[in-house]
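Engineer: Quick one: the structure is below, questions incoming.
The values are calculated or read from the model by the stated rules, or taken from the named source; none is laboratory data. Everything numeric in this text was worked out from a predicted model, so none of it was measured. As a convention, Cβ positions derive from the backbone with ideal geometry for all residues, glycine included, and neighbour counts pool all protein chains shown.
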Amino acid sequence: MAATETITFRLMREEDLEQVMAIENASYLTPWSRGAFVREIVENVTATYVVAIQDEAIVAYAGMWTLLDEGHITNIAVHPDHRRRGLGLATLCELARRGQRQGASRLTLEVRPSNTGAQELYRRAGFEVRGLRRRYYSDTGEDAVIMWLDDLRRLAAREATDDAAV
């Protein structure tokens, strides 16, 4: 992110969903429904969803479930006009900080093998490939690459200024 860009994070709210859905629809072949997001942010006690805000607009969001000492990242997306500026990494760092406060010591996620950009982001954040879930994605039958970050303290400790350099 450029030094002049100020990004703030906060928990996702229902009134954010119009902007979140626009990013979701632009980012995924099979986007989540608005109802799925509502259930996550209103009913799921294990869920934490954050939005990244710049100039009063949501430019990225991410979510995870925290179960015991593990955080499971459910989704992350950056608005197409704001990609390649470090927002994905900054948003991952924010989730790591929140997960750490909730007792998580490690993070996991699934990613499509075809999503090489996301895999590279996760590798830069310290995630490692640990397995494969066969035919995980019901829309295409594509497998999912399982990635883990064993010690989220390093990611949680990263400063926003580090994100642009990565």
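Engineer: What number of residues within region 47-79 satisfy the criterion of being crowded, with 19+ Cβ neighbours inside 10 Å and in a loop (DSSP other than H, G, I, E, B)?
Structural biologist: 1
Engineer: Also, quick follow-up: For the condition closer than 23 Å to LEU121 by Cα, at pLDDT below 95 and either assigned to a strand (DSSP E or B) or in contact with a strand residue (DSSP E or B) (Cβ under 7 Å, 6 or more places away or on another chain) (or both), what is the one hit in GLU24, GLU5?
Structural biologist: Every option except GLU5 fails the conditions.
Engineer: Are there any pairs with C-beta distances below 9 angstrom linking a residue in region 23-46 that is surrounded by fewer than 17 Cβ atoms within 10 Å (Cβ to Cβ) to a residue that is of a type in the set (Ser, Thr, Tyr) and assigned to a loop (DSSP other than H, G, I, E, B), with the two at least 6 apart or on different chains, and if so which?
Structural biologist: LEU29/TYR137; LEU29/THR140; THR30/TYR137; THR30/SER138; THR30/THR140
Engineer: Can you name the number of the only condition in (1) outside any strand (DSSP E or B); (2) surrounded by 12 or more Cβ atoms within 10 Å (Cβ to Cβ) that GLU120 fails?
Structural biologist: Only one criterion in (1) outside any strand (DSSP E or B); (2) surrounded by 12 or more Cβ atoms within 10 Å (Cβ to Cβ) is unmet by GLU120, namely (2).
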